[in-house]
Amino acid sequence: MPDKRSKGLNLSIFLPCFQFSFKPFILFFLLSFLFSLSSGCAENKGHKIADVGEPAPEFTLTDLNGKMVSLREYKGRYVILNFWATWCPSCVSEMPFLQEIYNKEKDKGITVIGIDYNEDQEKVKKFLSKYGITFTILMDNNLKVSKDYGVVGLPVTFLIDSEGRIKKKFRGELTEEIYNKYLKSEISHLKSS
């Protein structure tokens, strides 16, 4: 006759002196799930994330000289907004191309802004000096702006039109081919309309 005291799965047939109960594991997984909901690991309920066709979330961040810079300062210009970090190989690879875009387009109503993903300012300055990057770099030290834009992996690039609306969002390394195929044509289309 089975032992009525044991409520768990008795594996002693296969492994002598081993008894296993599912209750602690069910409780553990339930508590883990509830914790993930409260800690933000699950979907951000009530937090609007920027999407194509919507107004770009406004922000004010500090540049590398300590100056506060707001997105609203660029109204009337097209903005290529790039989220990046020095530890990200794809970000490092695309930075010279972003500098090239900036050099070619800055006098044509297009600007490039890089938003660094929570790194030490001195490390970022050394990186920019090493690669000759001169476009505006802003520091997102608390990741609020990255969160507002829904940035999870790096790099992520947004094209914001002169009215402040997100026209394109691209995840991954921005190459010349991708720029010409998706962003440049969009900029040309927007400027002609």
Checklist entry - Quick one: Karplus J couplings for segment 167-179, per residue in order, coefficients 6.51, -1.76, 1.60, θ = phi - 60°, nearest Hz, x for Gly and Pro? => result 9, 8, 9, 10, 9, x, 5, 7, 9, 4, 4, 5, 4
Checklist entry - By a straight-distance test (C-alpha under 20 Å), which aspartates and glutamates pair with residue 125 as possible cross-link partners, with residues fewer than eight away in the same chain excluded? => result 63, 94, 100, 116, 140
Checklist outcome for this item: Row for segment 58-184, column shape: gyration tensor on C-alpha, a ≥ b ≥ c, rounded if a/c < 1.5 i.e. under 1.5, prolate if a/b over b/c, else oblate; value rounded
Next on the checklist: My understanding is that a pair violates if its Cα-Cα distance is over 25 Å; which of 75/123; 126/167; 130/168; 106/169 do that in this structure?
Outcome noted: 75/123; 126/167; 130/168
Item to check | Stretch gain in nm, segment residue 93-residue 62, where the contour uses 0.36 nm per residue and the Cα spacing is subtracted | outcome: 8.7 nm
Item to check | Mean Cα-pair separation over length for segment 87-193, i.e. relative contact order, pairs under 8 Å, 6 or more apart, % | outcome: 26
Checklist outcome for this item: For residue 137, other-chain or 5+-apart residues with amide H closer than 5 Å (H placed, Pro excluded) are 64, 114
Checklist entry - One-quarter of the Cα convex hull surface for segment 73-122, in nm²? => result 4.0
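Bear in mind that the values in this text are calculations on the coordinates, not laboratory data. In this text the structure is predicted, and so the values were computed from the model without any measurement.
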